[in-house]
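Written below as structure tokens is the structure these notes are about.
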Amino acid sequence: MKKPNFKFIEPRSYAFKIALIYIIVSILWIIISDEIVFNMVSYPQTLTFIGSLKGSLFVLLTTILIFALVYHYLSSIKESEERFVKAFDSNPIAIVLTKSDGEVVDVNKSYMELTGFSEDELHGKTFFELNIIRESERKKVMEEFNEKGIIHDYKIEINTKSGLKRTVLATIEPILIAGEQHNLNYLYDISQREKAEKKLKASLNEKESLLREVHHRVNNNLQIITSLLNLQAKYVDDDSREILLVSQSRIRSMAMIYEKLYKSPDLACIPLKDFIENFVSDLFYLYQVDRDLIEVNTNLEKVNIGIETAVPLGLIINELVINILKHAFPDKDKGKIDIGFKSRKEYYILTIADNGIGLPHNILKKRDNILSDQATSSKRLPHNILKKREGLGLNLVENLVEQLDGEMEIKRKDGTKFKIAFKELEYAERM
């Protein structure tokens, strides 16, 4: 934005110019006029008369010159004053000019509209006398002003004539008038903005409470389903009971995600470390696994992950841990499960390993797929590495990895190790 082309007069410079012009004109007049008179006049009486006339003419000419210069200077001052008065009076921001002790010297229309006082009521009074601002608050503001020399956007509450309170942002700047220190106070009314912000905050809090209630109810409903499956398992044969337990753990995985969302400060993400540790503990309880026989070691980075990614990831962990508990340690042999989760740039890497008997060779297709340790490589690996006839669990893992647009590696040395690299699913930003 182009600044207005205002011409500001410097008093010292202008006074120097007037004095310099006066000296030059005076010297030239004296030299030239004396030379002309001495060359043209030979009689003393005539010389005296002409000298007096010359002096009078000089006084007249210099008076006209000084008048012109001073008039030009005062006209410029008047123009500046008119611009200042117009800007001062029509400014939508409330402005008040005060002495250093807070006595009101001048106010604009916006200030009178803000406070409800007339100009006569304000003139010569202080903010404290008019109860516009508490004396303790004024002292606090002035202490900061005296320390910094200027104040910008100081949030303060003022009282109006009617008793209503207004919240304003105050800016105070020093100004020198007739050699005396004054202060220009700018008050920007933010009362409506404050009300709008409070209303918006209340609305957001209400929506957050409703969303938490939704998460809580979804969690409760899923918990009810798992309880029903648990009751149903008591009235079926062993094979059916196994199927119901697996379904129960899958539902429990999703229920725990909503439970974490309900308790989390961020309603869009869950702390993955807590989720994995608690969920694995629940699986051990569900399958009545002896913790003295099977040891679980975790190495999990503290990462918050979105619900779109957390649901399929939770199901993957569910399927792989259940598979280990069911098949890796037959005859209740002692064993160990290692679970790791770490981030590498924009990738996440989940590893679940055991030192059990390992996957049977006939589960995998003939071609093995190896995921490089450099998981951030753009190279994609095929997902269909498991035979479809080998059951739902591991094939569900493959489908979920594909849903995450990830890559999976299976190693069968000294047990079984699953290594899955994936990116967090992208979704629209939430309010």
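Residue 101 meets each of the listed conditions (1) out of contact with any Ser or Thr (no Cβ under 8 Å at 6 or more places or on another chain); (2) outside any helix (DSSP H, G or I) apart from (1).
Screening residue 410 with (1) assigned to a loop (DSSP other than H, G, I, E, B); (2) modelled with pLDDT of 85 or more; (3) crowded, with 17+ Cβ neighbours inside 10 Å; (4) within 45 Å of the chain's Cα centre (by Cα) gives one miss only, at (1). In this structure, does residue 95 turn out to be in a loop (DSSP other than H, G, I, E, B), touching a Ser or Thr at 6+ places or on another chain (Cβ under 9 Å) and surrounded by 15 or more Cβ atoms within 10 Å (Cβ to Cβ)? For residue 95, the condition - in a loop (DSSP other than H, G, I, E, B), touching a Ser or Thr at 6+ places or on another chain (Cβ under 9 Å) and surrounded by 15 or more Cβ atoms within 10 Å (Cβ to Cβ) - is not met. When residue 355 is tested against the conditions (1) of a type outside the set (A, V, I, L, M); (2) within 24 Å of residue 244 (Cα to Cα); (3) buried (at least 17 other Cβ atoms within 10 Å of the Cβ), the lone failure is (2). Could you check residue 273 against (1) under 25 Å from residue 219 (Cα atoms); (2) touching a residue at least 24 places away in the same chain (Cβ under 8 Å); (3) outside any helix (DSSP H, G or I) and say which number it fails? Going through the list (1) under 25 Å from residue 219 (Cα atoms); (2) touching a residue at least 24 places away in the same chain (Cβ under 8 Å); (3) outside any helix (DSSP H, G or I), residue 273 breaks only (3).
Look at the stretch 312-339: where a residue is of a type in the set (S, T, N, Q), no partner that is not in a helix (DSSP H, G or I) sits 6+ places away or on another chain with Cβ atoms under 8 Å. The single residue among 25, 37 that is assigned to a helix (DSSP H, G or I), touching a Leu at 6+ places or on another chain (Cβ under 8 Å) and modelled with pLDDT under 70 turns out to be 37. The set of residues from the stretch 275-298 being surrounded by 12 or more Cβ atoms within 10 Å (Cβ to Cβ) and more than 25 Å from residue 311 (Cβ to Cβ) comprises 294, 295. Report, by residue number, each residue of the stretch 104-124 that is assigned to a loop (DSSP other than H, G, I, E, B) and buried (at least 16 other Cβ atoms within 10 Å of the Cβ). Scanning the stretch 104-124 gives 108, 117. Is there a residue in the stretch 52-73 that is surrounded by 12 or more Cβ atoms within 10 Å (Cβ to Cβ), outside any helix (DSSP H, G or I), in contact with a helix residue (DSSP H, G or I) (Cβ under 7 Å, 6 or more places away or on another chain) and at pLDDT below 75? No; the residues of the stretch 52-73 include none that is surrounded by 12 or more Cβ atoms within 10 Å (Cβ to Cβ), outside any helix (DSSP H, G or I), in contact with a helix residue (DSSP H, G or I) (Cβ under 7 Å, 6 or more places away or on another chain) and at pLDDT below 75. Quick check on this structure: which one of 214, 218 is more than 30 Å from residue 114 (Cβ to Cβ) and buried (at least 16 other Cβ atoms within 10 Å of the Cβ)? Result: 218 is the single residue among 214, 218 that is more than 30 Å from residue 114 (Cβ to Cβ) and buried (at least 16 other Cβ atoms within 10 Å of the Cβ). Please find, within the stretch 76-101, the residue that is farthest from residue 120 (Cα to Cα) out of those that are free of Cβ contacts under 8 Å to residues at least 60 places away in the same chain and touching a Lys or Arg at 6+ places or on another chain (Cβ under 9 Å). So, considering only residues that are free of Cβ contacts under 8 Å to residues at least 60 places away in the same chain and touching a Lys or Arg at 6+ places or on another chain (Cβ under 9 Å), the one farthest from residue 120 (Cα to Cα) is 79. Applying the set (1) touching a residue at least 12 places away in the same chain (Cβ under 8 Å); (2) surrounded by 11 or more Cβ atoms within 10 Å (Cβ to Cβ) to residue 228 leaves exactly one unmet item: (1). In summary, strands (runs of 3 or more DSSP E) completely within the stretch 131-215 and bearing 1 or more residues that are at negative phi, without any contact (Cβ under 8 Å) to a residue 40 or more places away in the chain and outside the structural domain of residue 259 (by TED's automatic domain parsing) occur at 151-159, 165-177.
The values are calculated or read from the model by the stated rules, or taken from the named source; none is laboratory data. Just so you know, these numbers come straight off a predicted model, no measurement behind them. All Cβ positions, even for glycine, are placed from backbone atoms using ideal geometry, and neighbour counts span all protein chains on display.
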